[in-house]
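Read the figures in this text as sums done on the coordinates, not as results from a lab. It should be emphasised that the depicted structure is a prediction, and the values quoted were computed from it without experimental measurement. Neighbour counts run over all protein chains shown; Cβ positions are idealised from the backbone, glycine included.
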Amino acid sequence: MHKKIKITDIENAKNKQLKYAFDGLLDDIDSIGTIKADLLFEAMGDFIKLSGHVYGIALSTCDLCLKQYEYKLNFDIEEMFAKKSLYENLSGKETEIKEGEFVTDLEGADEIDVSDVLYQSVILDFPNKKVCDINCNGGDIFIREDENSQKKEIDPRMAIFKDIKIDRK
Ligand SMILES: [Zn+2]
């Protein structure tokens, strides 16, 4: 079930700040127990600022041994949402206003899908290379590949030996 926050609730809140504690499951993210987030929504004119902290234990799949492992979530999020389209021709996508600062266009929607925002932030928090453990057995595959590439470096000399053998035939 998607949890959503109404823009008007943020604007009508005291100091235009609305605190929201998320505690639930996210679609397509396996986790041990629920994923939690302490969030603060702030209405700033045409923008809504979201800041907060996300924590919990997600289950990720190891790139090496393909087994599921526990990945600890513990990170800050900061997002900006534009109530109106920033550019008429560029709607529905994130717009980079400054390097590393993105604004998500709400396309006139009257609510923010908290579950979706958290899903995106968790996906971004996962490392590019997901490895269950430094000593993961699946790592052997990569060590073997390294040995092979070392052999390839010797290959030119090996090729000469092969040629000699062929010449003698
Ligand atoms: Zn592994």
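For residue 65, the residues 5 or more places off, or on other chains, whose built amide H falls under 5 Å of its own are 132, 138. Normalised radius of gyration (Cα atoms, divided by 2.2 N^0.38 Å) for the stretch 23-71: 1.57. Structure note, pairs 36/84; 49/72; 4/49; 72/129; 19/83: Cα-Cα distances above 23 angstrom occur for 36/84; 49/72. Subtracting the Cα-Cα distance of residue 137 and residue 78 from 0.36 nm times their residue separation leaves 17.6 nm of extension gain.
Taking 16 Å as the cut-off, the amide N atoms of the stretch 63-77 that come nearer than this to a point 7 Å along the Cα-to-beta-carbon line of residue 32 belong to 67-74.
Stretched out straight at 0.36 nm per residue, the stretch from residue 53 to residue 4 would grow longer than its current Cα-Cα span by 15.9 nm.
A simple rule links phi to the HN-Hα coupling: the Karplus curve 6.51 cos²θ - 1.76 cosθ + 1.60 with θ = phi - 60°, which for the stretch 123-129 gives 4, 5, 6, 4, x, 4, 9 Hz, with x for Gly and Pro.
One equal scatterer on each Cα of the stretch 4-132, no solvent, Debye formula: the resulting log10 I(q)/I(0) at q = 0.13, 0.14, 0.20 Å⁻¹ is -0.59, -0.67, -1.14. The phi torsions of the stretch 108-115, fed into the Karplus equation with coefficients 6.51, -1.76 and 1.60 and a -60° offset, translate into couplings of x, 5, 9, 8, 10, 7, 4, 4 Hz, rounded to whole numbers, with Gly and Pro shown as x.
Rounded to the nearest 0.05, what FRET efficiency do residue 46 and residue 23 have when you use their Cβ-Cβ distance and R0 = 35 Å? Efficiency, rounded to the nearest 0.05: 0.70. What separates the Cα centres of the stretch 19-48 and the stretch 108-134 is a distance of 11 Å.
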